[in-house]
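Below is one structure; the comments refer to it alone.
The values are calculated or read from the model by the stated rules, or taken from the named source; none is laboratory data. All values reported here derive from a predicted model rather than from experimental measurement. We place every Cβ from the backbone using ideal geometry, glycine too, and count neighbours over all the protein chains shown. In case anyone asks, the SASA skips ligands and DNA or RNA and just uses the protein heavy atoms, side chains included. Shrake-Rupley method; radii C 1.70, N 1.55, O 1.52, S 1.80 Å.
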Amino acid sequence: MLFEENNQFIEMKSAEQKVVDSTVGAENGLNETKRPNPGIGKRHLQSLLLALCVFCGYLQRVNLSVTIVAMTKFKNAVDEKQIHGFPTYDWGNDIRSYLHAAFFLGYFVMNLPAAWLGVHFNLKMLLMVTFLINGVLSCCTPFLINFTYTGTNDILLQIKSWAGIGNWRALVVLRAIQGILQAFMLPTIHAISAKWAPPNERGRLVGFIMGGIPFGTMVTLAGSGLLAGNSYLGWPSVFYVSGAFGLIWSLFWAWFGSSSPATHSTISSQEYNYITSELPIDKTKKKVPWFEILTSLHVWAIIVAHTTHNWGFWLLLSEMPTFLHVVSGFNIKSDGLLSSTPYATMWLLQFPVMWIADGLNKKGITSITASRKIWTSIGQWGGAIGLIALGYLNNNTAAAVAFYIAVIGIGCCCNVGFHLNHMDLTPNYSGILMGLSNAFAATGGLGAPLLFSYFVHDVSSVGEWRIVFYLGAGILFFGNLFFVIFASSKTQQWNNKYTCTPSHES
């Protein structure tokens, strides 16, 4: 099969390197046989490629958050966009919420099936193909929105009437398809990372990958404002640029990427031995211990933390550009630049955070379990405090911006918290766990805009915004409390439930 791993090559390479497949240890999941650290190598290249993958994914995911402001006719608002020939549409608050939520509807539906497919098919190919298609769809978005039909065919006229103003219903379908395709991203990346990242480097390698989230968000918010505010490029260019980045990344991944060290053609023997001495060789059958996964409180601790974090994250990400534009009166260029500042802070702050986290673990100052809980708590409870503060600031724009930056920036701590916990519990099924938690977490991107539209009827009302901020703070607080009580980083026994023994191999 085209997408299946080359098992014969893996077995030959494993035999050639003579790596001992020892049992996963206690809390840190290390093997008994150790090899010296070879320094910078292919695992760092894979981390860079996967970080760029997340970056490109968030370019395509977030591009609508700022661009929709330039595409919408707001009452009593004069935007320079509307006098430069780029069309704007009379999209009300409900339509904008549907457009924001559409991506996450597809994302929610496909996350777990995508993770399951990752167990059975080639991880590299799944990631490459889905990103190629997503890039093409992003480039086609302006054509879909601006498409008009002037003929007389009754069926096509009915479709055009159904599509609505600016073909918004068709755009909802397109965004949902993009969500389905991007559902492959994080589960696949976690499954690949579990094969490449030794536990004592996991904070740095995987933390760097997850840093693609704030970096992509930062670039999208700033770049979208600049592109949409340009009188020659306009809002369509945002979709062209984000789509092009995805297509270019797919080509680099096809050339330099690999599903695992065993399938990488140019990895050195020293680095291969080092990685596989820290991690068990993957000899799992194509079966998943679903009962054990779904009944584990440790797994549900990750799901709850991930879900509540995303509700807070997407609540601010999808709605703050509108808040800054309507309530604070910033123009579209300022909206993008100012909205990107918190994510720039988050991206820069992650570097000292991930080095400190790995350093404390390596020196034995904190156990891995304690580390996951501490850093997650800083991100979640710190964010809850910031949201409550936002609710008390009324029209103090400078203070609101400062707390907005703090709430988002501190969220980077979760990248070395619950985001690594999937690989702690089960290196063999980390992709499945990420698919499961990410499916629940997608309800944040789906529900946060709908929650906003339910409570906020007048986008200029600070009092109505305050209700949303309080709800977001409560969600973060109780989600993290659950994680602190039930989380663990001990590798679970069911991680090896379907492991093959040498006598079963051909």
For the pair residue 478 and residue 269, how long in nm is the line joining their label points, each one 7 Å along Cα→Cβ?
-> 5.9
Classify the range 372-454: rounded, prolate or oblate, from the alpha-carbon gyration tensor (a ≥ b ≥ c, eigenvalue square roots; a/c under 1.5 rounded; otherwise prolate if a/b is larger than b/c)?
-> oblate
Between the alpha carbon centres of the range 384-459 and the range 146-207 the gap in Å comes to 20
About its Cα centre, the range 141-254 carries a charge dipole, from +1 on Lys and Arg Cβ atoms and -1 on Asp and Glu Cβ atoms, whose size in debye to the nearest 20 is 200
Just the number, please: carbon plus sulfur as a percent of the accessible area of the range 177-243, 1.4 Å probe, no ligands or DNA/RNA counted.
-> 75
Chymotrypsin sites (Phe, Trp or Tyr not before Pro) lying in DSSP loop within the range 216-262, provided at most 12 other Cβ fall within 10 Å = 232
Accessible area per residue, 1.4 Å probe, Å², for the range 83-233: what's the number?
-> 38
With label points built 7 Å along Cα→Cβ from the Cα atoms of residue 156 and residue 244, find their separation and express it in nm.
-> 3.0
For residue 498 and residue 251, extending 7 Å from Cα along the Cα-Cβ vector and measuring point to point gives, in nm, a value of 3.8
Could you tell me which trypsin sites (Lys or Arg not before Pro) in the range 196-289 are loop residues by DSSP with no more than 13 other beta carbons within 10 angstrom of their beta carbon?
-> 285, 286, 287
Among the range 363-380, those whose backbone N falls under 17 Å of a label point 7 Å along Cα→Cβ from residue 355 are 363
Residue 486 to residue 450: FRET efficiency via 1/(1 + (r/R0)^6), r the Cβ-Cβ distance, R0 25 Å, to the nearest 0.05?
-> 0.30
Entries of 42/287; 124/287; 195/362; 73/160; 42/497; 373/497 with Cα pairs more than 25 Å apart | 42/287; 42/497; 373/497
